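These notes concern the structure reproduced below.
The values are calculated or read from the model by the stated rules, or taken from the named source; none is laboratory data. Here the structure is a predicted model, which means the values were calculated and not measured. Using ideal geometry, Cβ is built from the backbone for each residue, glycine included, and neighbour counts are taken over all protein chains shown. SASA here: full protein model, heavy atoms, side chains in, ligands and nucleic acids out. Shrake-Rupley method; radii C 1.70, N 1.55, O 1.52, S 1.80 Å.
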Amino acid sequence: MICTGCGCLCDDLDLTVAEGQLLEVANVCLWGLSRFFPCKRSHPRKERRRILKPLARLNGRPREVSYETALEQAAEILGAARRPLLYGLTNTGSRAQEAALHLARKLRARLEPADLAFTAPYYHSLRKHGLYWAPLEVIRDEADTVLFWGANPLHSCPRHPVRYSVFARGRFTERGVEDRRVAAVDLYRTEVAKFCHLFVQVEPGRELQLLSGIREHLEGAPGPGPAVKGTRKLAGFLSQGDFGVIFFGRGATYNQGFALLDELAGLAARLGEERPFVLFPLSADFNAAGLYQLLFNELGSPEAPDFGHESGLLTTYATADWGEFDAVLVVGADPWWFLPEEQALALQARRVPVVSLSPYANRTTASARVVFPTALAGLEAAEVAYRMDGLPVVLKQVLPAAWPTDREILLDLAKAI
Amino acid sequence: MTHDLKSCFFEVGAGGAGGPGPLSQGKLSEQHPIGWYGMKIKITGGRLYDPAQGINGAEQDLFIAGDRIVESLPQPDRVIEARGRVVAPAGIELRGQVATYGLNFLRLWGRFPSLTELGRLYAAAGYTHVHEPLLTLYTAGYVHRQLAALPLVDTSASLALNLRDLDDSLKSPNHLEELGQAVKALQEKTRALDLRLLEPFVRYRQPFYSHRTLDAAQTLETLTRLALRCELRFSLEAAPEVLEAPLPEPRVFHLAALGRALTNPRRLDQALAHLDRGGTADLGFPCQAAGGAAEKPVKVDLGWYHPLNLTPDAGADAGAAALRLARQYQGPNLAFSVDGPVRRPEAALSSWWARLRDRRPGAGADEPPDREFSLWDWVWATRTLPARLLGLADRGHLAPGARADVALFDLPPDTPPSRWADCIARCRTLLKAGTVVIEDFALVQPDAPKATYYRRTGAAAGPLLAEICQYRSFRPENLWVTDELGGDWVGLD
C-alpha cells in the first residue's frame, strides 16, 4: 500500500483489513497513521472527527443535509460569485486536481495551490539559474553531501531521511549515513541536529548573509566583514563530496523567500559546475507535485492560474489576496489553520461563503457554509498521486467508501453550475 | 527515386522492421475502438504518394470505410475534394521528445508549448503518431501519464536501458537467455514499444566501481549476441564512440539521432557504411531553438554516467552533418527525425526537408546535393520507414487494409522550393482512423480517440528481473505501468 501521509508516498506499507475494516498498518509514520486512522497528526491518541454527512448552514448553524441539497447550495454560491477562489488541491489526487482545473475554468476562478508561497520562489529562481534535477532514487543512490535548509524532514516527511536522504542504503552509499555527510541550517536547533554532522543555527534575517558568505568562501575571496557563524564550515562542507543535494523546506520561504531561493539556486548552480548538485523542495503535501505537473501540462506554467482575469488567463507567482474574493472553494487543504486571524475575521465580516471538501472536520470546515464529506484517496478511493520528485503512483482503493470522492463532487459541481 | 522495398527490410525479432506481428487491441481499446464513429469517405482527385505501393504522385481516388482504407466504395457518405493536393499517409514522429522526465521544467521559460498545444501542433502538421524515445524503468509511469495527456496523436515510447543494472549479466556469456527474458519482461512491464540504449557501455562516476566498467566495443559485441539469440533489436543513440565501435551485426542496431555523432568526415563514412550494410538510422536534425533570451541549463540525472541534457546546443554543425549524410546516402534505410525536445513540430522537419530540396550549391551544406529529394522521399522518411521501424504494420502506407490515417497538403506541382517548407508544415485535412480531425487547416475534432502502443513480449519475470527491481525506491508493483497510468492501450504482439 502507498501512504498518503506526505510527499514521500512510501509504498512499503502493509495493511491488515478484515470485514471491510482497517485493523493495522505496518511501516507507517505518524503522518501516515493520521491518514489511515481518524487521529491527529502529532497526537496519535487524539481522535479526529470524520464528517459523516454533507453540512449546510441554516440560520448560521450547520445542519446535515442531503448530498443533492449541499450540491445545489454550493453551485448557487459558486455560480453567483463574481470573483471565486479555488484553493488547496495539494492534498488530493491527480484526477480530482484535473476536475478542479476544469471547474476553475468554468467558474472563471483563480486556482491557488495551497503551497504556492513555498514553491513560487523555487520555480522563480530556476528561471534565473537553470536546474540540475534528480529523482529521489538517484539521490539515495549517489548523494554523499546532503544539506537541509529551513527543513525539518522529521516533521514534514518523517520517513524521508530513512528512505532517501540520510540513513538509506543506496547503490553507491551502501553504508547509509556512514557514506554521507549531512548538514542542516535552521533558525532553531531542531531534532535534525541529532544526526547531522554539521548544524548551523542562523539568526533570523541573516540567512542571505550566510549564503553570500558561503559563495565568497567558495570563490576563495571571503569578505572583510564579520561572517555569520558557521559560514566557513558550511562552505567547506559543500565544497567536498561527489554528489550534493540541498533540500529546502518552508523555513527557507517564510521571509525573503524569493531572495533566499535565488541565492540558494545560485549556490547550487555554482556547486554544480564541479559536481552534480541538486536543489530539491521538500514538499509535505502528498500530491503537491501532481498539481504542478498538471499546471505545467495544461497551462505550460507552474504559476497560479487566474481564469477570471480580463485578459482571459493570467498566471502569477504572487499569493492571493483573500480580500478580493467573494466565494471560496477549498479542496484538499485547511487554509483556516494558518490564515492570519484578521484575514479570517475579515472574510467572516464580509460574509464570504466557503465551500469545503474534506474527509475530516477541521478549522476550514468549521467556518464553511457548505461541507462535503469525501472518501480518503488511497484508502477509500482509487487515485493517482505524484511523489515529491514528480514520479506518479497509483493509489488503490482497499476499503469500501461511504462518501463520494473529491473528483466526483467537483465534476458534479461543474455540472450543476 | 524509388527503392527496392523487398530488400529494404529484414526480420529481426518481434520488433523487426519488416515483420511486425498482428495488431491486437487492448482491453480499453475494445470498448472504444479507434474510428468507431468513422464514415465512408472518398478522397477524390488528389496526387497520391505512397512509397510502400510504389505510387509516386499519381492522381488517384482513395476510399475509406470506418477506420480502414478500402479498395473501393460504391456510395460514400462524404467526398473530400483533393484536386491539386498531395495525399499522403499521416506522419509518424520517430523521435518526438515530448514526455521525457524533467521536460516540464523547460516550460518555465515559456518557450515550450503545453502538452495540449503540442498535440494540436502535431495534428496540424499532419502527424497521428508520436514516439517518445526516453522512458526508463522508474520513469515509465511518468512518461505514460504525460503521453496520455498529449491529445489527438497516438503515442508509444522506447525503454532506455541502463546497462549498469545488467552489467553482471553482460559479463557472463552463460546468462544471455536469462538476460534476454529479463529485458523483454521489462519492456512489457513498462509498456514500451522498443528498446533503446543511450550509453552502450558501463561506466561509473565512482572510482571505487571502476572494475565493473565495460567499454562500448565489449558491450555492443555482447548485445549483438543477445539480440540474435533472443530476437531483440536496439535503437542506439548515436555518439562518436558508437560509430567508432565495431557493430558486428548492424541489422540489430538502429542508429538514432545520427547528426550529432557526425563530428568529422570519418564518422560520416562510418555511418554510411552502417547503412550500406543493412543497418537503419534516423537523422536527428537539431530542433530549432525558439530564439530570444538564452535558456538556462536543464539537466536531469537518471543514474546514467552522463546526465540527460534537456537544453542541448542547437547544433548547427549537427544539422549540417545530417544534411550531408542525407545527401550522400542513396538507399532506403534512413528516416527523418529530430534531436532534442520538440517545440514546434510543424516546423521541425519541414524546414530541414526544404533545405534538402534546395539544389543550389552551398544551400544548407557545404557541397552541392548528390541527389534530388522528392515528395516520395519525404513520405518514405517521415511516414513509411518510421512506421516499419516501430512495427506499426497498418500505418505509413495507403494500401487497402491500412488504418485510414491520411494527410492532405496544399502543394501544387509548380510550387517554388522556397515555399515547400510552409506547404508541408501544415496540412489542410487530416484523417485519423477515418475521422476528420483537421479540416481546412482548422481543428474540428479535438477529442479524437487516441491510444498508446506497446509491445507484448509475453516474457515472464525471472530472478534477474527481481534482482534489478530489488534496489529501486518503489516496489516492483509500483514500477510497472498499469492501465490507470495511461490512456487506451494497444498491445502489439
| Conditions: (1) free of Cβ contacts under 8 Å to residues at least 40 places away in the same chain; (2) open to solvent by less than 10 Å² (accessible area, probe 1.4 Å). Residue A:45 meets all but one. Number of the miss? | (2)
| task | Could you tell me whether the stretch A:83-90 includes any residue that is over 30 Å from residue A:9 (Cα atoms), of a type outside the set (Gly, Ala, Ser) and open to solvent by less than 10 Å² (accessible area, probe 1.4 Å)? | result | yes
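Yes/no per residue for (1) part of a loop (DSSP other than H, G, I, E, B); (2) modelled with pLDDT of 95 or more; (3) open to solvent by 10 Å² or more (accessible area, probe 1.4 Å):
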residue	(1), (2), (3)
B:359	yes, no, yes
B:368	yes, no, yes
B:371	yes, no, yes
B:376	no, no, no
B:388	no, yes, yes
B:397	yes, yes, yes
| said: For the stretch A:131-149: of the residues being open to solvent by less than 10 Å² (accessible area, probe 1.4 Å) and part of a loop (DSSP other than H, G, I, E, B), which is farthest from the other protein chains (Cβ to nearest Cβ)? | reply: A:143
| task | With respect to residue A:312, determine if the residue is modelled with pLDDT under 95, on the phi > 0 side of the Ramachandran plot and out of contact with any helix residue (DSSP H, G or I) (no Cβ under 9 Å at 6 or more places or on another chain). | result | yes
| request: Being more than 14 Å from chain A (Cβ to nearest Cβ) and open to solvent by less than 30 Å² (accessible area, probe 1.4 Å) is the filter; apply it to the stretch B:463-493 and report the residue that is farthest from residue A:9 (Cα to Cα). | output: B:492
| said: Can you say whether residue B:420 is within 14 Å of another protein chain (Cβ to nearest Cβ) and open to solvent by 10 Å² or more (accessible area, probe 1.4 Å), as far as the supplied structure shows? | reply: no
| remark: Those residues of the stretch B:113-143 which are outside any helix (DSSP H, G or I) and at the interface with chain A (Cβ under 7 Å from one of its Cβ atoms) amount to B:113, B:114, B:138, B:139
| task | Starting from the stretch A:152-166, keep only residues that are without any contact (Cβ under 8 Å) to a residue 24 or more places away in the chain, then list their pairs with residues that are of a type in the set (A, V, I, L, M) whose Cβ atoms are within a distance under 7 Å, requiring at least 6 positions of separation or different chains. | result | A:162/A:168
| query | Looking at (1) β-branched (Val, Ile, Thr); (2) within 14 Å of another protein chain (Cβ to nearest Cβ); (3) farther than 21 Å from residue B:95 by Cα, which is the only condition residue B:213 fails? | reply | (2)
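Residue-wise test of (1) open to solvent by less than 30 Å² (accessible area, probe 1.4 Å); (2) under 16 Å from residue A:355 (Cβ atoms).
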{"site": "A:94", "(1), (2)": "yes, no"}
{"site": "A:105", "(1), (2)": "no, no"}
{"site": "A:110", "(1), (2)": "yes, yes"}
{"site": "A:121", "(1), (2)": "yes, no"}
| note | Note on the stretch B:183-215: residues more than 24 Å from the chain's Cα centre (by Cα), part of a helix (DSSP H, G or I) and of a type outside the set (S, T, N, Q) are B:207, B:208, B:209, B:211, B:212
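One line per residue, one yes/no per condition, for (1) surrounded by fewer than 17 Cβ atoms within 10 Å (Cβ to Cβ); (2) assigned to a loop (DSSP other than H, G, I, E, B):
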| position | (1), (2) |
| --- | --- |
| A:279 | no, no |
| A:284 | no, yes |
| A:311 | yes, yes |
| A:342 | yes, no |
| A:355 | no, no |
